[in-house]
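Participant: This is the structure, below, for whatever I ask next.
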Amino acid sequence: MSEEALVNFHKVADRQGPGSEEETLQAFALTGLGQEDFVRVADIGCGTGGQTISLARQVNGHFKAVDLRPGFLAELNRRTKQLGLQDRIETIAASMDDLPFEEEELDLIWSEGAIYSMGFTAGIKNWKKYLKPGGCLVVSEITWITHSRPAEIEAFWNTAYPEIDYASRKINVLEENGYILQGYFTLSEDSWRENYYQPMEDRFATFLEDHNHAPETQQLVAEYQEEIRQYEQFKDFYNYAFYVAKKG
Ligand code: SAH
């Protein structure tokens, strides 16, 4: 899959992963940070910044929105200007495993649907140094929500992301690494269906037409259709979950 086709497909969307404004703000409420405090925030793997904008509208602070893909950041800059938020949101093209931050510069690290790129454990370990003492980490991460599950979905995730685990184990990883849990909750079905998969399905036909049905675009669409089918079949066994934790 070419980088360009992937970015073209996703950059027009409000979000590049499951979630909702409501859940973003619910997670923020669990941080205990006040809306009137001035907070220094990094949003890592921000995409086109759906959640960055939701937070920046509500929270007084400075946001460093980081993504590997300049195409997403260009779109976020466009939206930011349109909303008059350019003084609050700064975009930075960088990789999450090599962030251009100072130690202890941040009150809040945010990352929705992205930490899997470097792995949950590596991410929470590596990013901790950028948080001020008492600073807060908010990440969403794919999580097993039942004790057992059909072999098919187990095999899929064990190949796609072997770090998938139970919430209790994720929380344990946070605690072993010096974080104090502030809260945990899973996403609603609407966050997957209405906010992520349905808008994708609505774009498939135009995307294929715009790229003259190039084989790589057909492949991308087929992969997403399979992902959606799988979600519908196995959604009782996994979900994205928010983990909110303080640096101890
Ligand atoms: N947080 C957004 C986007 C989630 S999709 C949302 O929830 O809508 C995951 C994002 O992580 C993509 O924008 C992708 O470009 C970015 N990403 C993937 N690997 C990365 C890396 N190594 N460093 C920084 N960003 C990365």
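Participant: What single numbered condition from (1) modelled with pLDDT under 95; (2) within 30 Å of Lys129 (Cβ to Cβ) fails to hold for Glu216?
Facilitator: Checking Glu216 against (1) modelled with pLDDT under 95; (2) within 30 Å of Lys129 (Cβ to Cβ), the one that fails is (2).
Participant: Return yes when Phe156 is among the aromatic types (Phe, Trp, Tyr) and assigned to a loop (DSSP other than H, G, I, E, B) and no when it is not.
Facilitator: no
Participant: So which residues in the stretch 146-199 are among the hydroxyl-bearing types (Ser, Thr, Tyr) and open to solvent by 40 Å² or more (accessible area, probe 1.4 Å)? Before the answer, list the steps.
Facilitator: Kept after step one, since they are among the hydroxyl-bearing types (Ser, Thr, Tyr), are these residues of the stretch 146-199: 146, 148, 159, 161, 166, 168, 179, 184, 186, 188, 191, 196-197.
Correct list: Thr146, Ser148, Thr159, Tyr166, Ser168, Tyr184, Thr186, Ser188.
Participant: Could you list, in sequence order, all residues of the stretch 200-224 that are of a type in the set (D, E, K, R) and crowded, with 16+ Cβ neighbours inside 10 Å? I'd like the intermediate steps shown before the answer.
Facilitator: Within the stretch 200-224, the subset of a type in the set (D, E, K, R) is 201-203, 209-210, 216, 223.
Scanning the stretch 200-224 gives a single hit, Arg203.
Participant: Let me ask another. Evaluate the stretch 41-57: report whether one residue or more is surrounded by fewer than 23 Cβ atoms within 10 Å (Cβ to Cβ), within 10 Å of the ligand (Cβ to nearest atom), within 18 Å of the chain's Cα centre (by Cα) and of a type in the set (A, V, I, L, M).
Facilitator: No; the residues of the stretch 41-57 include none that is surrounded by fewer than 23 Cβ atoms within 10 Å (Cβ to Cβ), within 10 Å of the ligand (Cβ to nearest atom), within 18 Å of the chain's Cα centre (by Cα) and of a type in the set (A, V, I, L, M).
Participant: Residues of the stretch 172-196 being within 18 Å of the chain's Cα centre (by Cα) and of a type outside the set (S, T, N, Q), which ones?
Facilitator: Selection gives Leu174, Gly183, Tyr184, Phe185, Leu187, Glu189, Asp190, Trp192, Arg193, Glu194, Tyr196.
Participant: Checking Gly34 against (1) within 9 Å of the ligand (Cβ to nearest atom); (2) surrounded by fewer than 21 Cβ atoms within 10 Å (Cβ to Cβ), which single condition isn't satisfied?
Facilitator: (1)
Participant: How many residues, within the stretch 87-131, are part of a loop (DSSP other than H, G, I, E, B) and open to solvent by 50 Å² or more (accessible area, probe 1.4 Å)?
Facilitator: 8
The values are calculated or read from the model by the stated rules, or taken from the named source; none is laboratory data. Everything numeric in this text was worked out from a predicted model, so none of it was measured. Ideal geometry is used to build each Cβ from the backbone, glycine not excepted, and the neighbour counts take in all protein chains shown. Quick note on the areas: whole protein, heavy atoms, side chains included, nothing else; ligands and nucleic acids left out. Shrake-Rupley method; radii C 1.70, N 1.55, O 1.52, S 1.80 Å.
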